[in-house]
1. Can you name every residue in segment 11-49 that is under 10 Å from the mean Cα position of the chain (by Cα), crowded, with 20+ Cβ neighbours inside 10 Å and under 17 Å from Asn68 (Cβ atoms)?
2. Residues that are under 17 Å from Thr26 (Cα atoms) and touching a strand residue (DSSP E or B) at 6+ places or on another chain (Cβ under 7 Å): which strands (runs of 3 or more DSSP E) entirely in segment 58-129 hold 2 or more of them?
3. State yes or no: is Leu91 touching a residue at least 24 places away in the same chain (Cβ under 8 Å), more than 13 Å from Val117 (Cβ to Cβ) and open to solvent by less than 60 Å² (accessible area, probe 1.4 Å)?
4. Suppose the filter is under 24 Å from Lys128 (Cα atoms) and open to solvent by less than 50 Å² (accessible area, probe 1.4 Å); does Ala86 pass it?
5. If I filter segment 113-129 down to residues being exposed (fewer than 14 other Cβ atoms within 10 Å of the Cβ) and at pLDDT 95 or above, which single residue comes out as farthest from Ile35 (Cα to Cα)?
6. Tell me whether segment 58-74 contains one or more residues that are within 22 Å of Ile122 (Cβ to Cβ), among the aliphatic types (A, V, I, L, M), open to solvent by less than 60 Å² (accessible area, probe 1.4 Å) and at pLDDT 95 or above.
7. Using the structure shown, decide if Ile55 is open to solvent by 70 Å² or more (accessible area, probe 1.4 Å), modelled with pLDDT of 95 or more and of a type in the set (Val, Ile, Thr).
8. Against the conditions (1) exposed (fewer than 13 other Cβ atoms within 10 Å of the Cβ); (2) touching a Pro at 6+ places or on another chain (Cβ under 6 Å), where does Asp8 fall short? Just the number, please.
Amino acid sequence: SLSVIVEDPWSRATIGKKRPGVAYMTIRNISATTIQLLSITTPIAKTAEIHRTTINSQGISSMAAAGNITIAPGESVKLEPGGLHAMFMHLQSEMNQGETLPLTLKFSDGSIVEVIVPILSISARGPKK
């Protein structure tokens, strides 16, 4: 049975393949046990990781790999601009507005969730409702 629901996935178009791509979504744990998001993969990038943006006391923002994301029963984790987000490095193809990208999320309980992520404009601020 499915333990995880992914809601409102979206991403932004990239300019070329040199810049990394990003994707955002809400990941909801609908099971009775704590689970961890262990990995994300997509055929369009050689490397895909969850990163966390943090802003220090001087107002400088930096990004670092977030490692495994733990989601308690009935809780959800938001991947959104300025916080946790999926990063796609070494793109194999451009991410073009109007297209979609497939994303596979693997969880500690063995769940595998396939998500189709719509690619919005470069300036998009959130998912299209």
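1. Met25, Ile27, Ile40, Ala48
2. Passing ranges, in order: 69-71, 76-79, 84-91, 100-107, 112-120.
3. yes
4. yes
5. Step by step, filter segment 113-129, then rank; the result is Ser121.
6. No.
7. Against the criterion (open to solvent by 70 Å² or more (accessible area, probe 1.4 Å), modelled with pLDDT of 95 or more and of a type in the set (Val, Ile, Thr)), Ile55 does not qualify.
8. For Asp8, the exception is condition (1).
The values are calculated or read from the model by the stated rules, or taken from the named source; none is laboratory data. Note that the structure is predicted; figures quoted are calculated from it, not measured. Glycine also receives a Cβ, built like all others from the backbone with ideal geometry; neighbour counts cover every protein chain displayed. Quick note on the areas: whole protein, heavy atoms, side chains included, nothing else; ligands and nucleic acids left out. Shrake-Rupley method; radii C 1.70, N 1.55, O 1.52, S 1.80 Å.
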